[in-house]
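This report refers to the structure that appears directly beneath it.
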Amino acid sequence: MSYESESGYVKALEAAGVKVLAFETFGSYQGDWWAKVDGGFITGRHGSCSVCDAFKAEFGWNSDEAPQEKLAEFGRPYTEDILTFDQALAKAKENEAWDIEAAEMVAWIEANK
């Protein structure tokens, strides 16, 4: 995942009013991202192009040019589903049988309790 897209999700979450304490992506071309925020955890999906990544589809490759209001509008839906530690752990474990990054996500969540 490009660093610009990663920082774009962080910028969008913060524009929507949450403080991001930690952020990590899992998977290379496509996968999950997790943010530890004040109050819990937020998760979403990412991709390597504008077809498979919501942020790139909305803003292209440069979040620095995105207006704060538009970033906030993009980030707001993610903030409506802040997970507790236990909910985040359960969600990360849902796909352990087939997702090779699931164990890494679980470890990251536990490390950011």
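The values are calculated or read from the model by the stated rules, or taken from the named source; none is laboratory data. None of the values given here were measured: they were computed from a predicted structure. All Cβ positions, glycine included, derive from the backbone under ideal geometry; neighbour counts span all protein chains shown.
Observations on the structure shown:
Here's the yes/no breakdown for (1) modelled with pLDDT under 95; (2) of a type in the set (Phe, Trp, Tyr); (3) touching a strand residue (DSSP E or B) at 6+ places or on another chain (Cβ under 9 Å):
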{"position": "Ser5", "(1), (2), (3)": "yes, no, yes"}
{"position": "Val10", "(1), (2), (3)": "yes, no, yes"}
{"position": "Gly17", "(1), (2), (3)": "no, no, no"}
{"position": "Phe26", "(1), (2), (3)": "yes, yes, yes"}
{"position": "Gln30", "(1), (2), (3)": "yes, no, yes"}
{"position": "Trp33", "(1), (2), (3)": "yes, yes, yes"}
{"position": "Cys52", "(1), (2), (3)": "yes, no, yes"}
{"position": "Asp81", "(1), (2), (3)": "yes, no, yes"}
{"position": "Gln87", "(1), (2), (3)": "no, no, yes"}
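Condition check ((1) of a type in the set (Asp, Glu); (2) surrounded by fewer than 16 Cβ atoms within 10 Å (Cβ to Cβ); (3) part of a strand (DSSP E or B)) across all residues:
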position	(1), (2), (3)
Tyr9	no, no, no
Ala12	no, no, no
Gly17	no, yes, no
Thr25	no, no, yes
Asp32	yes, no, yes
Lys36	no, no, yes
Phe41	no, no, yes
His46	no, no, yes
Val51	no, yes, no
